[in-house]
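Report on the structure given below.
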Amino acid sequence: MRKRKKNFFLRISYPTVITSVILPLAAFTYLLHQKLSILPQNRATLYFCVAYHIFTLLAFTAGYHKCYAHTLFRPKYGFLQVYFAVFGAGIGLGPIRWWAGLHRAHHQYTDDPDKDPYSIKRGFLWAHWGWLLKRPKSDAFFRDFVENEFSIDDVALNELEFSRERSKTHYENFTREYIIWQEQRYWLFFIVSSIIIPVLIAVYFCEDTWINGLVYPGILRMCACQQLLLSSESFGHSRWLPLTVPTQPFNDKNSLVNCMNPLFAMISFGQNLQNYHHEFPHDYRDSSALWAYDPTKWFISILDHLGLVEDVSRTPTNLVVQLQIQQQQAVLNRRRSQLNWGTPISKLPMITAKEFNKLCGAADNKHRIYIVIQNIIHDITPFMDQHPGGIALLKASHGKDATKAFYGGVYGHLTAAVNLLATMRIGVLALGNDEDVWRRVAREEGEVNDGDSRRQQGGLHSTAEAA
C-alpha cells in the first residue's frame, strides 16, 4: 500500500497541477468568497480579457502547435519566436519542448494506450485532463521520445542570434536551441505573461484593481484557454458523442473525428477537425474548406501575406479529394458487403444447354421457373407470386432466354429489378461465347479491364465481391 501511494505521488505532474488545478481553484474560490461574477464588471478589463485570450491562444496554436510541433512554417523574424515562446507559456501547458514532443508522440501512436500520451482508450477524462496531471506508467518512453525529437546535445544556449537569413539546417539548429532556451526560462515567461502583464494592463490601462487583473485576464483566461485546447484531445476523439456531430470523412479506422457542431468549432478555436488534421498533419490549415472556422489558419495566412513567415506548408487539394473519395468508397464497400447482391457471377457453376434443359424438364422442378437473362440462369420461383405481370408471363418464359423481354421487349425493368434478379442467380449457361458474361463480371466485380487477362487463364474464377 505504501509503495502504491508513493508511486502515485511520484507520478503526479506537479508543474501542470499548479497551472491547471491549484491556480484556477484559487481564482474560483476568490470569486465565491467575494461573491463576484465569473466575468469582470469593469468593461475595459472584459475587453482586455477577450483580446488577451485570443492573443495568447494564437501564440500557442500557431507557435507551439503549428510552428514547433509540426514545423509548418518558418518565422523570418525573431520577434515572432519571442511572441510564441513568451505568450505561449501563458497558457500553462508546459514548455514547447515537452508539449510539442508529446504531441508528436500522439500523432505517431494515435490511440495506443501505452504510447499515445492522450489515448482516448484510457478514458475520456484521461484524454482531456488526466494526461496533463499524472505521468503515465510509460513515462520513461515519453522522456526518451521527447529527447530524441529535441536533443539537447551540443546546444549553445548563450549564443542565440536572430538572423533574418538562415539556411534550413541553420534554422533547424537555431529552433532546437531556442526551444531548449525557452524550456529553461518557462516559469519566467509564464509569470510574465500570466501575472505581470495582466496585472499591469488591468491597473494602468483598464483602471481596475490588481487582484482583478490577476484573476480575470490572468488565471481565468489561462484556464479557459487550457480547457479549449484540451477539448480537441477528448471531444475530438469521441465518435460516440452525438452532441459534437462527429464525422470521419478521411479515416474511420481510429477515434479521430471532425466535430461539425458550429458551436463546438467556436468553443475549440477551430481545433475541432481532428480527422483532417491527423491525416494531413503537414497542412497549416485544419480544413481545406474555405468556410471552416479556423482562426489559426487565418493568422498564419496573414503573417505569410505580410512576409513575416516563409515555407508555409499546405496539402494539395487533389490529395485531400483523393483521400475523401477513398474513404467514401471504403464506407460504400462495407455497406455493400452487408447486403445480398446475389452470388457473384465468377462463383456460379457452368451449366451446359443440355444440363439446363434436363433441369427444366425434371419432375422435381415442375413447379419451378427457370429463365435465362444475359446467359445467366435464374430461379425466379420465390418471386413468381409477386411479379406485377402475373405468373403466366413468367411461365411462358420458363426454360427460355428472356433477355430481350426483360430489357424492354415486354417491359423495361429498372435497376431495382436488376438487383432483385441478381439474388436469384443459380448458374452460367455455357454456350461457347461468354463475351457478355465476361463483361458483366468485369463491371459488377469492379475490374477495370474487360476480362481478357482472366480469359487467358482458362475459365471463370472468383474476383472481388460482386456488386
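The values are calculated or read from the model by the stated rules, or taken from the named source; none is laboratory data. Note that the structure is a prediction, hence the values are computed from the model and not measured. Reconstructed Cβ throughout: ideal geometry from the backbone, glycine too, with neighbour counts over all protein chains shown.
Tabulated values for the structure
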read-out	value
Residue within the stretch 345-362 that is in a helix (DSSP H, G or I), more than 50 Å from the chain's Cα centre (by Cα) and touching a residue at least 60 places away in the same chain (Cβ under 8 Å) present	yes
The stretch 363-383 - residue that is of a type in the set (A, V, I, L, M) and either in contact (Cβ under 8 Å) with a residue 60 or more places away in the chain or surrounded by fewer than 17 Cβ atoms within 10 Å (Cβ to Cβ) (or both) and, of those, farthest from Ser346 (Cα to Cα)	Ala363
Per-region count, the stretch 219-243, residues surrounded by fewer than 23 Cβ atoms within 10 Å (Cβ to Cβ), of a type in the set (Ser, Thr, Tyr) and in a helix (DSSP H, G or I)	2
Looking only at the stretch 244-278, and only at residues there that are among the β-branched types (Val, Ile, Thr) and in a helix (DSSP H, G or I), the one that is farthest from the chain's Cα centre (by Cα)	Ile267
The stretch 20-45: number of residues that are touching a Cys at 6+ places or on another chain (Cβ under 9 Å) and either modelled with pLDDT under 95 or not in a loop (DSSP other than H, G, I, E, B) (or both)	8
Residue list for the stretch 300-315, filter: more than 16 Å from Gly78 (Cβ to Cβ), surrounded by fewer than 12 Cβ atoms within 10 Å (Cβ to Cβ) and not aliphatic (A, V, I, L, M)	His305
Residue within the stretch 55-78 that is surrounded by fewer than 20 Cβ atoms within 10 Å (Cβ to Cβ) and within 15 Å of Gly218 (Cα to Cα) present	yes
Residue within the stretch 181-201 that is at pLDDT below 80, of a type in the set (D, E, K, R) and part of a helix (DSSP H, G or I) present	no
Enumeration of residues in the stretch 211-258 that are aromatic (Phe, Trp, Tyr) and over 25 Å from Gly94 (Cα atoms)	Trp240, Phe250
Filter result for Ile302 (more than 24 Å from Arg104 (Cα to Cα) and not assigned by the TED database to the domain that holds Ser234)	no
Val312 vs. criteria outside any helix (DSSP H, G or I) and under 32 Å from the mean Cα position of the chain (by Cα)	yes
Criterion (free of Cβ contacts under 8 Å to residues at least 60 places away in the same chain, under 25 Å from Asp112 (Cα atoms) and in contact with a strand residue (DSSP E or B) (Cβ under 6 Å, 6 or more places away or on another chain)) met by exactly one of Val257, Val245	Val257
Count of residues meeting criterion [over 13 Å from Arg425 (Cα atoms), assigned to a loop (DSSP other than H, G, I, E, B) and in contact (Cβ under 8 Å) with a residue 24 or more places away in the chain] in the stretch 326-344	0
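Listed here are the residues, each with its yes/no results for (1) without any contact (Cβ under 8 Å) to a residue 40 or more places away in the chain; (2) under 20 Å from Ser20 (Cα atoms); (3) touching a Ser or Thr at 6+ places or on another chain (Cβ under 9 Å); (4) among the hydrophobic types (A, V, I, L, M, F, W, C).
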site: Ala202; (1), (2), (3), (4): no, no, yes, yes
site: Phe250; (1), (2), (3), (4): no, no, no, yes
site: Gln274; (1), (2), (3), (4): no, no, yes, no
site: Leu290; (1), (2), (3), (4): yes, no, no, yes
site: Asp294; (1), (2), (3), (4): yes, no, yes, no
